[in-house]
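Single-structure report; data block below.
The values are calculated or read from the model by the stated rules, or taken from the named source; none is laboratory data. Everything quoted here is computed from the prediction, not taken from an experiment. Cβ sites come from the backbone with ideal geometry, for glycine too, and all protein chains shown count toward neighbours.
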Amino acid sequence: LYSPAIGNAVQALGAVLRFGGSLPARTRELVICAVAAELESAYEWYAHSLVATTVGINGTELKQLHEGDVPDTLSADESAALGLTRSLLRGTAVDEDVHAAALEHFGHGGITELSVLVGYYRLLAGILAAGDVPVPAAAGEHLHQAT
């Protein structure tokens, strides 16, 4: 609302990531929830933990993600995606082994998509924090179930 040109560009990128990307929906939502948990973005967690359940992520997996753990039920490609996600969020370099695992499962294009996905949801978490966007009051029960 305050910066329409930037908002429209951000929205366009989000649409490509959600609807035009190559990542499986479950992998995408695992990554988004991991970003939300790591950055303690309550609204992002609220919105995407709901979406996550529609793409096959169960309550136990959500709880583990919220606690900063990697669920032990993940496939090798999902684990590689979360490894890259955590490296991007926690450091300035991606470990060679983490990069190799992501490359094996996703190729260079997938690594690019994962990196932009992490950056995009980091950007949204910052915008939500700067705007002090609250979680809807009715969401309290859902949030307590996942944490």
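Being outside any loop (DSSP other than H, G, I, E, B), buried (at least 19 other Cβ atoms within 10 Å of the Cβ) and not charged (D, E, K, R) is the requirement here; does ALA80 meet it?
Yes, satisfied.
Six or more apart or on different chains, Cβ atoms under 8 Å: show the pairs whose first residue is in segment 17-31 and on the phi < 0 side of the Ramachandran plot and surrounded by fewer than 16 Cβ atoms within 10 Å (Cβ to Cβ) and whose second is assigned to a helix (DSSP H, G or I) and of a type in the set (Gly, Ala, Ser).
SER22/GLY109; SER22/GLY110
Examine segment 115-126 for a residue that is in a helix (DSSP H, G or I), among the aromatic types (Phe, Trp, Tyr), over 30 Å from SER3 (Cα atoms) and at pLDDT 95 or above, and state whether such a residue exists.
Start the filter on segment 115-126 by keeping residues that are in a helix (DSSP H, G or I), which leaves 115-126.
So of that shortlist, the ones also among the aromatic types (Phe, Trp, Tyr) come out as 120-121.
Of the ones still in play, those that are also over 30 Å from SER3 (Cα atoms) are none.
Within segment 115-126, none of the residues are in a helix (DSSP H, G or I), among the aromatic types (Phe, Trp, Tyr), over 30 Å from SER3 (Cα atoms) and at pLDDT 95 or above.
Considering only segment 88-111, I want to know if a residue exists there that is within 16 Å of the chain's Cα centre (by Cα) and among the hydroxyl-bearing types (Ser, Thr, Tyr). Before the answer, list the steps.
In the first step, residues of segment 88-111 are kept if they are within 16 Å of the chain's Cα centre (by Cα); the result is 88-90, 102, 110-111.
Okay, now just the ones that are also among the hydroxyl-bearing types (Ser, Thr, Tyr), so none.
Scanning segment 88-111, I find no residue that is within 16 Å of the chain's Cα centre (by Cα) and among the hydroxyl-bearing types (Ser, Thr, Tyr), so the answer is no.
Yes or no: GLU44 in a helix (DSSP H, G or I), surrounded by fewer than 18 Cβ atoms within 10 Å (Cβ to Cβ), of a type in the set (D, E, K, R) and out of contact with any Ser or Thr (no Cβ under 8 Å at 6 or more places or on another chain)?
Details: in a helix (DSSP H, G or I): yes; surrounded by fewer than 18 Cβ atoms within 10 Å (Cβ to Cβ): no; of a type in the set (D, E, K, R): yes; out of contact with any Ser or Thr (no Cβ under 8 Å at 6 or more places or on another chain): yes.
Here the answer is no, as GLU44 does not meet what is asked.
For segment 88-111, how many residues meet the condition of being closer than 23 Å to VAL16 by Cα and surrounded by 12 or more Cβ atoms within 10 Å (Cβ to Cβ)?
Residues meeting the conditions: 9.
What are the residue pairs meeting all of these: first residue in segment 88-116, first residue basic (Lys, Arg), second residue in a helix (DSSP H, G or I), Cβ atoms under 9 Å, and 6 or more apart or on different chains?
Listed by first residue and then by second, the contacts come to ARG90/GLU38.
Based on this model, can you work out whether ALA52 counts as out of contact with any strand residue (DSSP E or B) (no Cβ under 8 Å at 6 or more places or on another chain), under 24 Å from PRO136 (Cα atoms) and buried (at least 23 other Cβ atoms within 10 Å of the Cβ)?
Values: out of contact with any strand residue (DSSP E or B) (no Cβ under 8 Å at 6 or more places or on another chain): yes; under 24 Å from PRO136 (Cα atoms): yes; buried (at least 23 other Cβ atoms within 10 Å of the Cβ): yes.
Yes, satisfied.
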